[in-house]
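Below is one structure; the comments refer to it alone.
The values are calculated or read from the model by the stated rules, or taken from the named source; none is laboratory data. Computed from a predicted model, the values in this text were never measured in an experiment. When we count neighbours, we look across all protein chains shown, and the Cβ atoms used for this are built from the backbone with ideal geometry, even at glycine. These accessible areas exclude ligands, DNA and RNA; they are computed on the full protein's heavy atoms, side chains included. Shrake-Rupley method; radii C 1.70, N 1.55, O 1.52, S 1.80 Å.
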Amino acid sequence: MRDAQKEMRRPLGLRLWLSGGWLFALAVGAILAPLIAPHNPLAQDLFAARLPPFWDAKAEPGFWLGTDSLGRDVLSRILYGSRLALFVALVAGTLTCAVGATLGMIAGYYRGWPDRIISRFVDIWMAFPPVLFAILLIAVLGTGIVSIIIAIVIIDWTRFARVIRAEALGQSAMDYVASAKIAGRTKFSTMLTEIFPNVLPSIIALLTLEMGISVIIEAILSFVNLSISTDSPTWGGMISEGRTSVHQAWWVLVFPLITLFLTVLSFSQLGEGLKDRFDPVLR
Amino acid sequence: MSSFLSIRNLNVKLAQGTPILRSVSLDVNAAQVHGLVGESGAGKSMIGKAVLGILPKALHITGGEIWLDGTDLLTLPPSERRKRIGAQAALIPQDPLTALNPSKRIGPQITRRLVDILGWSKADALDRALELLDEVHIPDPLRVMRNYPHELSGGMRQRILIASAFAAEPKLIIADEPTTALDATVQKQILRLIAQMQKRHGTALLFVTHDLGVVSKVCDSLSVLYAGKLVEQAQMRRFFMSPIHPYSAALLAATPTYADPTGSLTPVPQSVIDTVEQEVAQHDMRHQS
Ligand SMILES: Nc1ncnc2c1ncn2[C@@H]1O[C@H](COP(=O)(O)OP(=O)(O)OP(=O)(O)O)[C@@H](O)[C@H]1O
Ligand SMILES: [Mg+2]
């Protein structure tokens, strides 16, 4: 039994390394984009349009992943696009987590009327299809990075609220919570020091998952041109542009798509890996 | 002999009015062990929880008094009541796994109590915690303090909970079936340990169990509960020699060590069940209006 568990855990280390490694590399690329990007991501050069990636015979040196139909460097655009993607992931993910987890914790631990109000809101929220909800919100809030972040928080806080409420509810029934109460601890202190550490692994897993989801939402909004002003590169915008010329220059579509896919996958895998790391019972 | 805990006519009901405890009166004398027996669902745990102020939200105290060291807890304002309970009472719970916080090391879980209740410094609390773990026969206490609960066996965890319950020198400990989650050999050790600690510290102990055999070993007096109603309260010797209530007698007959260790067990006869059920119904009638 013990050995079996150990066997199970070995690949977890690998997935933590792979996902963490990819995200770290991406973050470094995003931060250092102005220094390391080989070209200006906005510079058009119609004589260098639709250059293939480096392994192709017709490739030009310096354009590693080729160029799009306006002659802009794909690699540089991906690097600059990752700035927006990661910024949205970090800020929107953290804010969503803070709002949702706090409400979930209050509902699950304090119960009573706070729980009734919060749970009712969650139920109403869940009735909206999220993508439609996002587009509707952007229509109301206007485009721009702040609107995207607000939209993500408004749409996705329920994911945290639901899960964390259930976990806090389960933990509240444990005898160690009763012992803290007998010892005269306040409810608030018990929530922070007794319940919170037990809910933390789930919060972390959800947080990184939410970061991945934020990347997707940002990409979808860019794809339908509802994200930020159109001239700065976004993964979603690149995918949308690449789609129209996929027969002449597949790389314009495929490279941003792969980047997006790997990033979202890494966020979710990182969450699972960290959860196991943080959970004292599994550790 | 003064009673340290004295429960008078305690009534506990579910929100919609279903009685859970029916005018229960019960005394635990200072430095003595009082057994509380009854079948599953009789309301034994709820008596302990009512005293400690940890009743589930759905349950309410609708009448009665709970005297702890000469003060009726139910007349105190909530903050004052919490302080008193914390300073004077502690719980040894049934399930040693959920009674320790799984994400915290053992050491801080014990010392926290000393800091909370007695206002000690961390360093003093640490010394005391080591002493206590030694007292409950935990080998290598320094190492155990750094362990997480899941790294220890059930017996070890229960020892730690005993140490933790006695840590702040409470005058009353409520042990709620402290051995049911353990296997038979460990049960005996834990039972002996609790009895030992109770004697050494001079603590009043309310010992909740459904095992009359256990009661006979550790208790000075006992109460029998049926469907939230007290059937009989007696000194140990008198109870085992001549139980007054037919339900008590039937319970005794159903206990292997006393009736006939080798022979077959006698289940509680239906006629006796009918008698107690009738008493319970009569009680409810009287308290309806
Ligand atoms: N949270 C709750 N909500 C509603 N009813 C409850 C709740 N907890 C307990 N009860 C009811 O209170 C009654 C007494 O329960 P209690 O746990 O005190 O029994 P017990 O004598 O300790 O039994 P056991 O030996 O199984 O521990 C039971 O009938 C149970 O259904
Ligand atoms: Mg019980």
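Per-structure values
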| item | result |
| --- | --- |
| Between helix A:130-141 and chain A: long-axis angle, C-alpha atoms, 0 to 90°, nearest 10 | 80 degrees |
| Nonlocal amide H pairs with B:Leu36, under 5 Å, H built at 1.01 Å | B:Phe207, B:Val208, B:Thr209, B:Ser223 |
| 30 Å Cα-Cα reach of B:Lys13 towards lysines, excluding residues that sit fewer than 8 places from it in its own chain | A:Lys181, A:Lys187, B:Lys44, B:Lys49, B:Lys57, B:Lys83, B:Lys171, B:Lys229 |
| Approximate spin-label separation A:Leu32-A:Trp17, in nm, with each point projected 7 Å along Cα-to-Cβ | 2.2 nm |
| Per-residue mean of C-beta atoms belonging to partner chains within 10 Å, peptide B:91-97 | 3 |
| Anisotropy class of region B:15-122 from Cα gyration tensor, a/c 1.5 cut | prolate |
| Calculated [θ] (222 nm, deg cm²/dmol) that DSSP helices of n ≥ 4 give over the protein assembly as shown, each run adding -39,500 (n - 2.57) | -18500 deg cm²/dmol |
| Rounded to whole Hz, the Karplus (6.51, -1.76, 1.60) HN-Hα couplings of region B:93-110, x for glycine and proline | x, 6, 9, x, 7, 7, 7, 10, 5, x, 9, 10, 5, 4, x, x, 5, 7 |
| Distance from region B:136-169 to region A:30-76 (C-alpha centre basis), Å | 64 Å |
| Between 0 and 90°, nearest 10: helix B:122-135 axis offset from chain B longest Cα axis | 60 degrees |
| Cα-centred dipole magnitude for region B:1-147, charges only on beta-carbon of K, R (+1) and D, E (-1), debye, nearest 20 | 600 debye |
| Surface per residue (accessible, 1.4 Å probe) for region B:3-286, Å² | 43 Å² |
| Gain upon complete extension [B:Leu142, B:Thr18; 0.36 nm per residue less C-alpha separation] | 39.7 nm |
| Under 22 Å from A:Lys275, Cα to Cα: lysines that are on another chain or at least 8 residues apart | A:Lys6, B:Lys104 |
| Cα-Cα P(r), region B:3-286, percent of pairs per 10 Å interval | 6, 27, 34, 23, 9, 1, 0 |
| Phi to ³J(HN,Hα) by Karplus 6.51 cos²θ - 1.76 cosθ + 1.60 over region B:4-14, Hz, x for Gly, Pro | 7, 10, 9, 9, 10, 6, 6, 10, 10, 10, 6 |
| Residues along region A:145-178 losing 20 Å² or more of accessible surface when the other protein chains are present rather than the chain by itself (probe 1.4 Å) | A:Met174, A:Asp175, A:Tyr176, A:Ala178 |
| Average projected area [Cα convex hull, chain A], square nanometres | 18.7 nm² |
| Dipole of region B:10-125, positive direction: furthest Cα of B:Ala30, B:Ala58, B:Ala89, with charges on the beta-carbon | B:Ala58 |
| Between region B:1-70 and region A:211-283, the Cα center-to-center distance that results, in Å | 60 Å |
| Protein accessible area in region A:116-265, 1.4 Å probe - carbon and sulfur % | 72 percent |
| Between region B:188-245 and region A:121-151, the Cα center-to-center distance that results, in Å | 63 Å |
| Where a label projected 7 Å from the Cα of A:Ser245 along Cα→Cβ would reach, residues of region A:21-46 with amide N under 18 Å | A:39-46 |
| For region B:136-289: rounded, prolate or oblate by the Cα gyration tensor [a/c cutoff 1.5] | prolate |
| Between A and B, accessible area buried - total, square angstrom, nearest 100, 1.4 angstrom probe | 1900 Å² |
| Net length gained if the chain between B:Lys217 and B:Val115 were fully extended (0.36 nm per residue, minus Cα distance) | 33.3 nm |
| Shape call, the protein assembly as shown: gyration tensor on alpha carbons, a/c limit 1.5 | prolate |
| Area projected by the alpha carbon convex hull of region B:167-241, averaged over all directions, nm² | 5.8 nm² |
| For B:Lys229, residues with placed amide H under 5 Å, excluding near neighbours | B:Arg22 |
| Region B:3-286 - share of DSSP beta bridges that are antiparallel (%, nearest 5) | 55 percent |
| Charge dipole (debye, nearest 20) of the protein assembly as shown; +1 at Cβ of Lys and Arg, -1 at Cβ of Asp and Glu | 660 debye |
| Share of carbon and sulfur in the accessible heavy-atom surface of region B:3-286 [1.4 Å probe, %] | 54 percent |
| Portion, in percent, of the accessible area of region A:8-103 that falls on carbon or sulfur, probe 1.4 Å | 72 percent |
| Karplus-derived 3J(HN,Hα), 6.51/-1.76/1.60, for each residue of region B:138-154, Hz, glycine and proline x | 9, x, 6, x, 4, 5, 4, 4, 8, 6, 8, x, 5, 7, 10, 6, x |
| Normalised contact order of chain B, rounded percent, pairs of Cα under 8 Å and 6 or more residues apart | 24 percent |
